[in-house]
Ligand code: CAA
């Protein structure tokens with residue numbers, strides 16, 4: 001498949017990442033289907049896209065017409081067959097759990113055309129293992145966006161053991177057509193590049209607070225004002241979702257060993273449902 005053959009992008013999952021990817025794809029001129037398992041999830045994602053496009057237009061980063069056109073290009077759906085039936089590329093952004101993702105691929109490959117490339121937005125899981133549950137492991141790779149996708153420049157394009165060079169190249173071109181900068185990840189290791197560096201940093205920050213050595217505010221001040229990061233580590237955790245970073249850590253711990261043991265403070269946030277901005281509270285309150 002060539003970039004010119006891509007007209008329709010199906011995005012599976014309308015959460016933080018899914019709706020952001022759908023927005024970016026629609027802004028690039030693709031027809032987009034955005035699918036989630038419940039009407040309310042899809043509606044919530046669609047509302048967030050509308051909010052985000054409104055913000056971009058308000059700040060003259062895009063025109064009002066471009067915002068309206070992008071929204072018009074997005075079809076929010078619950079039915080899988082309708083969502084992927086005519087897709088040239090399927091970008092999967094469902095929860096960061098291997099069994100959930102595998103189940104979704106089982107459903108999707110039944111309805112997706114043979115030509116369709118499958119790209120997973122997984123933050124850390126094995127692209128190779130996911131590709132092997134599909135009928136097209138060579139047409140499968142990672143396409144990892146960052147939160148919020150509409151503002152973040154990078155896309156990691158991850159080569160699984162079976163990904164063909166043609167697939168990787170067209171996905172890199174697709175990322176460029178969305179005004180992103182792709183970076184090839186040659187080794188399919190937990191966390192790839194960014195999360196291999198970033199998530200242990202977030203975990204270490206949590207250990208400092210858990211052990212009573214610092215407060216959340218102190219750590220965030222040092223990461224912003226001493227390390228030059230745009231957000232404090234805990235602010236960032238709330239932005240990406242404490243469940244997401246926790247699941248990435250759990251997987252890194254399982255595969256890479258004890259150095260990645262998740263801090264209990266993160267587990268507590270997940271157990272309490274304090275997942276960050278998306279639930280209205282995390283390390284900070286947003287209500
Ligand atoms: N769409 C449109 N506008 C948005 C938005 C979105 N999705 N998200 C935030 N904004 C708006 C805010 O509402 C705010 O608007 P107002 O000024 O009207 O209040 C504005 O953008 C925020 O602007 P700021 O000036 O405060 O911040 P900024 O523009 O300088 O940068 C940022 C915002 C790009 C998010 C920056 O803080 C940043 O880069 N943060 C770090 C993000 C990051 O590291 N992401 C990667 C996380 S790791 C990951 O995602 C991988 C994984 O797998 C876990």
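Here is how the numbers come out for the structure above:
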item	result
Leading residue by the ranking (farthest from the chain's Cα centre (by Cα)) among those in the stretch 1-44 that are surrounded by fewer than 24 Cβ atoms within 10 Å (Cβ to Cβ), in a loop (DSSP other than H, G, I, E, B) and within 16 Å of the ligand (Cβ to nearest atom)	28
Search result, residues across the stretch 133-177 that are farther than 25 Å from residue 109 by Cα and not in a helix (DSSP H, G or I)	146, 147, 148, 149, 150, 151, 152, 153, 154
Qualifying positions in the stretch 117-132 - in contact with a strand residue (DSSP E or B) (Cβ under 8 Å, 6 or more places away or on another chain), in contact (Cβ under 8 Å) with a residue 40 or more places away in the chain and assigned to a loop (DSSP other than H, G, I, E, B)	121, 123
Residue within the stretch 55-78 that is surrounded by 14 or more Cβ atoms within 10 Å (Cβ to Cβ), within 16 Å of the ligand (Cβ to nearest atom) and within 27 Å of residue 245 (Cα to Cα) present	no
Single condition residue 240 does not satisfy, out of (1) outside the structural domain of residue 253 (by TED's automatic domain parsing); (2) at pLDDT below 95	(1)
Of all residues making up the stretch 234-250, the number that are more than 10 Å from the ligand (Cβ to nearest atom) and touching a helix residue (DSSP H, G or I) at 6+ places or on another chain (Cβ under 8 Å)	6
Odd one out for residue 226, checked against (1) out of contact with any helix residue (DSSP H, G or I) (no Cβ under 9 Å at 6 or more places or on another chain); (2) under 14 Å from residue 144 (Cα atoms)	(2)
Single match in 167, 223 (criterion: assigned by TED's automatic domain parsing to the domain that holds residue 257 and crowded, with 20+ Cβ neighbours inside 10 Å)	223
Single match in 36, 79, 99, 60 (criterion: touching a helix residue (DSSP H, G or I) at 6+ places or on another chain (Cβ under 9 Å) and assigned by TED's automatic domain parsing to the domain that holds residue 171)	36
Flag for residue 143 being within 16 Å of the ligand (Cβ to nearest atom), in contact (Cβ under 8 Å) with a residue 12 or more places away in the chain and within 14 Å of the chain's Cα centre (by Cα)	yes
Complete set of residues in the stretch 45-94 that are without any contact (Cβ under 8 Å) to a residue 40 or more places away in the chain and either on the phi > 0 side of the Ramachandran plot or part of a loop (DSSP other than H, G, I, E, B) (or both)	59, 60, 61, 62, 63, 85
Residue list for the stretch 26-44, filter: more than 17 Å from residue 108 (Cβ to Cβ) and touching a strand residue (DSSP E or B) at 6+ places or on another chain (Cβ under 6 Å)	26, 30, 31
The stretch 184-197, subset touching a helix residue (DSSP H, G or I) at 6+ places or on another chain (Cβ under 9 Å) and surrounded by fewer than 17 Cβ atoms within 10 Å (Cβ to Cβ), residue farthest from residue 255 (Cα to Cα)	184
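The values are calculated or read from the model by the stated rules, or taken from the named source; none is laboratory data. Here the structure is a predicted model, which means the values were calculated and not measured. Because the Cβ atoms are built from the backbone with ideal geometry, glycine has one as well, and the counts that use them run over all protein chains shown.
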